[in-house]
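To start, the structure under review is shown below, and the notes come after it.
What follows draws every value from the coordinates through simple rules; no lab data is involved. Computed from a predicted structure; not experimentally measured. Here the Cβ positions follow ideal geometry from the backbone for every residue, glycine too, while neighbour counts run over all protein chains shown.
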Amino acid sequence: MTYPPLVIGVDVGGTKTRWMAQRGKDSVVDQTVPTSSWRRESYSASDCFRLKALIESSIGYLQPRHVVIGANGCNTDQRLLQCEETFGKTTGWDIRVLNDAELLPAAAGGDGGIAVISGTGSIVVARNTEGALLTVGGWGWLLGDEGGGAGLVRAAIRSCLAAAEAREHSDVLHEFLLKHLKITDLREANERLSIEPSAAMFASHTIALFDAIEQGSKLGVGVVRAQVADLRDKVASLLLQGARGPVYLGGGIFERLPYFYQAFIDAANELSSDLDIVLVATPPVVGALNIASVRLARGEGFERAESG
């Protein structure tokens, strides 16, 4: 008996990696693991072997016809090609590697556009009319990620510290940060955050910012407005570089925090009221799976005999 070919979509995020596999319309697997469980050296051959082993353990004897990977941290065409070649050589699979933000349009059923991620980190990604990858931001939590979880927390702490030094009236944000960081003086925040620092750990404290906003924090509102303005300006930069199409929003901050989403909409409307903005609720991994299915339908990649 002949079965439809297997296709796999993989979403590699900074915190977790999720893959889905399907044959025809039938789901085969949907699994999530910490990215740190396999990625140690930024997509080295050893990393690729570890990810292959994890995926193979979930699909058994089946061999995929096409695999599409959205790779966090691959922010140039050269880096994407290197990653694609490494995955292809170490797995023997037909591999297509994209920046993980590029999965958003496909997850929403679209075909290209501008992707804005606000999750643990942040990045704005598109392709120009020649197909070249365009990215703004995505520098990582130590250097940037404004508009992402880590950037929001850093900005919130800085805002409160500056207000305290200026002897301004205490804002409720100050108290919420003390509570969530489990410290008694906000000047201890740097030392507290230096204990096993990571983007995910920084971003975990965003709840303090949004809880404070719900309680009327003016500093918190100012932080969010500045951060969404930064994301808006990144979109504007890509538009000037030739990016076109709808603006797709994704990531946990947009998905779980309506206030942040609305603040971005307001900021984007200052840029242009004609922007078509889409909040993507579908997981990005579905976008990878959709792209793999399109490659199968078009007969792209190399052929692999399969039966089961």
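Once the Cα gyration tensor of segment 3-43 is diagonalised, what are the square roots of 5 times its eigenvalues, in whole Å and ordered largest first, as equivalent ellipsoid semi-axes?
After diagonalising the Cα gyration tensor, the semi-axes are 25, 9, 7 Å.
Can you tell me which aspartates and glutamates have their Cα less than 19 Å from the Cα of K89? Leave out same-chain residues fewer than eight positions away.
Qualifying aspartates and glutamates at Cα under 19 Å: E41, D47, E56, D77, E300, E303.
Please state the charge dipole magnitude for segment 153-256, taken about the Cα centre, from unit charges on C-beta atoms (+1 on K and R, -1 on D and E), reported in debye and rounded to the nearest 20.
Taking the Cα centre of segment 153-256 as origin, the dipole is about 320 debye.
Name the aspartates and glutamates eligible as straight-distance cross-link partners of K179: C-alpha to C-alpha under 15 Å, and not fewer than 8 places from it in the same chain.
Within the straight-line limit of under 15 Å, K179 reaches these aspartates and glutamates: D171, E188, D211.
Tell me the mean residue ellipticity at 222 nm calculated for the chain from its helices only (DSSP H runs of n ≥ 4, each -39500 (n - 2.57), averaged over every residue, nearest 500).
-13500 deg cm²/dmol
Give me log10 I(q)/I(0) at q = 0.10, 0.21 Å⁻¹ for segment 59-170, Debye formula, one equal scatterer per alpha-carbon, no solvent.
The calculated log intensity ratios at q = 0.10, 0.21 Å⁻¹ are -0.43, -1.13.
Given +1 on the Cβ of Lys and Arg, -1 on the Cβ of Asp and Glu, and no further charges, what dipole in debye does segment 140-183 carry about its Cα centre, rounded to the nearest 20?
Taking the Cα centre of segment 140-183 as origin, the dipole is about 160 debye.
What do you get for GluC sites (Glu not before Pro) in segment 122-189 restricted to DSSP loop and a cutoff of at most 13 other Cβ within 10 Å of the site's Cβ?
E130, E168
Hey, got a sec? Which chymotrypsin sites (Phe, Trp or Tyr not before Pro) in segment 60-163 land in a DSSP loop and have at most 11 other Cβ atoms within 10 Å?
Qualifying residues, ordered by number: Y61.
For Cα Rg over 2.2 N^0.38 Å, several values are listed as (1) 1.07; (2) 0.98; (3) 1.23; flag the one computed from this structure.
The listed entry that was calculated here is (1).
What angle, in degrees between 0 and 90 and rounded to the nearest 10, separates the Cα long axis of helix 172-181 from the longest principal axis of the Cα atoms of the chain?
With both axes taken from Cα atoms, the answer is about 50 degrees.
Report, largest value first, the span of the C-alpha coordinates of segment 68-107 along each principal axis, in whole Å.
28, 19, 12
Once the Cα atoms of helix 218-240 and of the chain are each reduced to a long axis, what angle between those two axes, in degrees from 0 to 90 to the nearest 10, is obtained?
Tilt of helix 218-240: around 40 degrees.
Excluding residues on the same chain fewer than 8 positions from K25, give the lysines whose Cα lies under 28 Å from its Cα.
Excluding near neighbours in sequence, the set is K16, K52.
How far, in degrees from 0 to 90, does helix 284-298 lean away from the longest principal axis of the Cα atoms of the chain, to the nearest 10?
The two axes meet at around 30 degrees.
Sorting Y261, Y248 on the 10 Å Cβ count, fewest up front, what's the list?
Y261, Y248
Under 5 Å between amide H atoms, partner at least 5 residues away or on a different chain: which partners does G73 have, H built in plane at 1.01 Å?
Hits under the 5 Å cutoff: D100.
Would you mind computing, in nm to one decimal, how far apart the modelled labels at T282 and E196 are, each placed 7 Å from Cα along Cα→Cβ?
The modelled label-to-label distance comes out at 3.7 nm.
Provide the per-residue ³J(HN,Hα) series for segment 114-130, in order, calculated from phi with Karplus coefficients 6.51, -1.76, 1.60 and θ = phi - 60°, each as a whole number of Hz, with x at glycine and proline positions.
Computed from phi, the couplings for segment 114-130 are 10, 9, 10, 9, 10, x, 4, x, 8, 6, 10, 9, 7, 10, 7, 5, 8 Hz.
What are the ³J(HN,Hα) couplings of segment 5-17, residue after residue, when phi is run through the Karplus curve with 6.51, -1.76, 1.60 and θ = phi - 60°? Round to Hz, x for glycine and proline.
With the stated coefficients, segment 5-17 comes to x, 8, 10, 10, x, 10, 10, 9, x, x, 9, 9, 10 Hz.
For the chain, give the magnitude of the charge dipole about the Cα centre (Cβ charges: +1 Lys/Arg, -1 Asp/Glu; no others), in debye to the nearest 20.
540
Nearest 0.05, what FRET efficiency do L143 and D26 give at R0 = 30 Å with Cβ-Cβ as r?
Rounded to the nearest 0.05, the efficiency is 0.10.
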